[in-house]
Structure formats: structure tokens, C-alpha cells
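Engineer: Take a look at this one; I'll ask things after.
The values are calculated or read from the model by the stated rules, or taken from the named source; none is laboratory data. No experiment lies behind these values; they were computed from the predicted model shown. Because the Cβ atoms are built from the backbone with ideal geometry, glycine has one as well, and the counts that use them run over all protein chains shown. To get the accessible areas, we keep the full protein, side chains included, count just its heavy atoms, and leave off ligands, DNA and RNA. Shrake-Rupley method; radii C 1.70, N 1.55, O 1.52, S 1.80 Å.
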Amino acid sequence: MDHISHSQITTWLMCQKRWEYNKVLEIKTIPTENLIIGSVYHQLLQANFIHKINTGEDFTDEEYQEEFAHLWKFKLEEEEDIKWVKMDANKARAVCLSIVSEYMYRVAEFVEPKEVEFEFERPIGDTKIIGRIDLIDKSGAVIDHKTSTRSYTQNDIDKDIQASAYAFGLGHPITYYNHIAIKKNKPEIQSLKTYRNEEDIIWWYRLASDVIAEMNTGIAVPNPTGWWCSPDYCDYWDICRADLAKKIF
């Protein structure tokens, strides 16, 4: 393979078959409201912090609400179809705006951005590892923005291999923050902090090397033991079950 991203490695570790359907066979799925919310939320924060780098100021209330309306409208027009699972478009819009507002009111002023959507590329053998970091602040710390329906624990971020991938991509130890927007009736922004050192970078390098070697065999094995292997959480469920039955019988 010419290149691979950290998210592809994470997908492979979750379920190799899911990775194959998505990245090799390029079978597209219909996005749900959670993907739409997460995408618009990230784009709004990206726009705000680029504005802050250029002007020294966050968006005003009027500016971020105007930017949000534009991004939401464009996202819905961009997608040919959306699967509204647990909420309709109006409810999803309200949820997205609520977490954007919470971040802007509670967190944005304390963030001093140096780089936004910073892209990196480093080789492992003949394969390039590519990635994009949400934000690097003026102290050099990495900040990743997430949306979730539940709170994270310190153990979650300490075990997060995405932090190790970013340290590898930057080529040095890092301080890493997760800013998690929790989608509740009363939204919350959770901030968790961890570190990655040289040992973590070497560990991730070896993990990624082994995953790339497995991918290059052309064999992708499903993982039916995880919570994600169900018709509710995997868009490839019907295809996968049919393919496996076809091969056996």
C-alpha cells in the first residue's frame, strides 16, 4: 500500500472485514446523524481557531452562529442521503448547535492555537503514514476534538492509540488533550490530559508495522466478538453475513 491513516489502523484492529469493505472494495455507507453532527462540530471549531490565529480573537456569538448555519446547510446539501436513526434533522441541528455553543462559551477562550488541521506524513517501510491533527497549541500540546454520548475516563485516554500515532507523526513526545463534547440534554465539554513518550512512539511504530504486514497479505478476517458486530452498529452487516455464507456453502 502506498499510504495508510491512523483511522484505518484502528478500523483494522476493530474488524479487518469492515476495513476491507470500506477501503479496498470502497462500498459506501449512508451517514447517520452522529456523523453529520461530528463533522459540522469539527468544521466550526476549525473555522474558529483559524480565525483566532489570524485575528487573535474567537468568533463572536453572532459570527459562530452564522458560520454554524452555513456549515449545517452545506453539509445537508452535500450528502445525497442521511440515515436519521435516533433524531430527525431539526433535533440533530439543535444538538449540534448546543455542543458548539458550550465549547465556545466554556473552552475556546483558553485555547491558544498555533496550528489547525496540521497534516503529517512519515514512512513505515514502503508505506506512508498520513494523518491530520485537529489543533496544536502554542505550548506544543496536541488537542483532539471528539463528540460522544458518554463521558470518557482517564483510562480511555491513557490507552488511546491515536495519541501515540500523533506522537509518531510529529516525531517526538507530546502532551495530548481530548476535548470531548458530550451530547446530553445539558451538554458538557470534558477535558482529559495524557502524555506520550519515546517508548509509546516505538510501541505504536511496531503495531502499525504489523498491521501493514497483515493488510498486505490480502486476507481480512471478520471480528464477530465485539459489540460493533451487529445490524445496529455495522453498515456492512448484511453484506458480510451474505458473503461469508456464500463462500462456505
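Engineer: Treat every Asp and Glu Cβ in the chain as -1 and every Lys and Arg Cβ as +1, leave all other atoms uncharged, and give the resulting dipole magnitude about the Cα centre to the nearest 20 debye. Present the calculation step by step, with values, prior to reporting the outcome.
Structural biologist: On the way: 29 positive and 41 negative charges, 183 e Å.
Result for the chain is approximately 880 debye, rounded to the nearest 20.
Engineer: Using 0.36 nm per residue, how much length does the chain from Ala69 to Asp156 gain when fully extended, once their Cα-Cα distance is taken away? Don't jump to the answer; show the numbers that get you there.
Structural biologist: Details: separation 87, 0.36 × 87 = 31.32 nm, distance 3.28 nm.
Full extension from Ala69 to Asp156 adds 28.0 nm.
Engineer: A further question on this structure: Enter the mean projected area of the convex hull around the alpha-carbon atoms of the chain, in nm², rounded to one decimal. Provide the component values of the computation, followed by the final result.
Structural biologist: Working: hull surface 58.3 nm².
The orientation-averaged projected area of the Cα hull of the chain comes to 14.6 nm².
Engineer: So if I take the centroid of the Cα atoms in the range 173-249 and the same for the range 68-88, what is the distance between those two points in Å?
Structural biologist: 25 Å
Engineer: Follow-up question, since we're still on this one. Rounded to a whole number, what is D in µm²/s for the range 154-249 from Stokes-Einstein with the Kirkwood radius over alpha-carbon pairs (4 °C, 1.567 mPa s)? Spell out each step's value before the answer.
Structural biologist: Numbers: Rh = 16.7 Å.
Approximately 77 µm²/s, per Stokes-Einstein.
Engineer: Report the residue, chosen from Trp204, Trp228, Trp12, that carries the largest GNM mean-square fluctuation when the chain is represented by alpha-carbon nodes joined by springs under 10 Å.
Structural biologist: Answer for the Gaussian network model of the chain: Trp228.
Engineer: Looking at this model, which pairs from Lys146/Lys184; Lys86/Lys183; Lys75/Lys184 are more than 20 angstrom apart at the alpha-carbon? All intermediate terms of the calculation are to be shown ahead of the outcome.
Structural biologist: Numbers: Lys146/Lys184 14 Å; Lys86/Lys183 13 Å; Lys75/Lys184 22 Å.
Long pairs (Cα-Cα over 20 Å): Lys75/Lys184.
Engineer: How high is the FRET efficiency from Leu76 to Glu199, r the C-beta distance, R0 41 Å, rounded to 0.05? Kindly include the intermediate steps, with their values, before the conclusion.
Structural biologist: Details: r = 45 Å, r/R0 = 1.10.
The calculated FRET efficiency here is 0.35.
Engineer: Quick one: work out the % antiparallel among DSSP beta bridges in the chain, nearest 5.
Structural biologist: On the way: 21 of 32 bridges.
Close to 65 percent.
Engineer: Find how much the distance from Phe118 to Asn223 grows on full extension, using 0.36 nm per residue of separation minus their present alpha carbon separation; answer in nm with one decimal.
Structural biologist: Details: separation 105, 0.36 × 105 = 37.80 nm, distance 3.26 nm.
Full extension from Phe118 to Asn223 adds 34.5 nm.
Engineer: How large is ³J(HN,Hα) for each residue in the range 79-93, as worked out from phi by the Karplus curve 6.51 cos²θ - 1.76 cosθ + 1.60 (θ = phi - 60°), to whole Hz, x for Gly and Pro?
Structural biologist: 7, 5, 8, 9, 9, 7, 8, 10, 8, 7, 4, 5, 5, 4, 4
Engineer: Can you give me the P(r) profile for the range 43-148? Cα pairs, bins 5 angstrom wide beginning at 0, each as a whole percent.
Structural biologist: 2, 10, 18, 19, 17, 14, 10, 6, 2, 0
Engineer: Which percent of Cα-Cα pairs in the range 84-218 sits in each 10 Å bin, short to long?
Structural biologist: Once binned at 10 Å, the Cα pair distances of the range 84-218 give 11, 35, 31, 18, 5.
Engineer: Where does the chain land at 222 nm, in deg cm²/dmol rounded to the nearest 500, when only DSSP H runs of n ≥ 4 count, each adding -39500 (n - 2.57), divided by all residues?
Structural biologist: When only DSSP H runs of four or more count, the value is -15000 deg cm²/dmol.
Engineer: Could you check which residue among Gly171, Gly140, Gly125 shows the biggest mean-square fluctuation in a GNM of the chain with a 10 Å Cα cutoff?
Structural biologist: The residue that fluctuates most here is Gly125.
Engineer: If you project the alpha carbons of the range 19-86 onto the principal axes, what extent comes out on each, in Å, largest first?
Structural biologist: Principal-axis extents of the Cα atoms in the range 19-86, largest first: 45, 24, 19 Å.
Engineer: Once every Cα of the range 129-191 carries one equal point scatterer and solvent is ignored, give the base-10 log of I(q)/I(0) from the Debye formula at q = 0.19, 0.21, 0.25 Å⁻¹, two decimals.
Structural biologist: Ignoring solvent entirely, the Cα scatterers give -0.74, -0.87, -1.10.
Engineer: Give me, ordered by chain and number, the residues 5 or more places off Thr32 or on other chains with an amide H under 5 Å from its own placed amide H.
Structural biologist: Lys83
Engineer: Gaussian network model of the chain, Cα springs within a sub-10 Å range: biggest mean-square fluctuation belongs to which of Tyr195, Tyr166, Tyr233?
Structural biologist: Looking only at Tyr195, Tyr166, Tyr233, the biggest GNM fluctuation is shown by Tyr233.
Engineer: Excluding ligands and nucleic acids, what accessible area in Å² is computed for Met87 using a 1.4 Å probe, to the nearest 10?
Structural biologist: That residue has around 40 Å² of solvent-accessible surface.
Engineer: Still on this structure: Based on Cβ point charges of +1 for Lys and Arg and -1 for Asp and Glu, what charge dipole magnitude is obtained for the range 1-103 about its Cα centre, in debye rounded to the nearest 20? Let's see the in-between values first.
Structural biologist: On the way: 11 positive and 18 negative charges, 133 e Å.
For the range 1-103, the charge dipole is close to 640 debye.
Engineer: What do you get when you divide the Cα radius of gyration of the range 193-249 by 2.2 N^0.38 Å, with N the number of residues? Write down the numbers at each step before the final one.
Structural biologist: Details: Rg = 16.7 Å, N = 57, 2.2 N^0.38 = 10.2 Å.
Normalised Rg, Cα atoms only: 1.63.
Engineer: To continue, here is another question. Heavy atoms of the protein only, probe of 1.4 Å, neighbouring chains included. What is the accessible area of Arg122 in Å², nearest 10?
Structural biologist: 80 Å²
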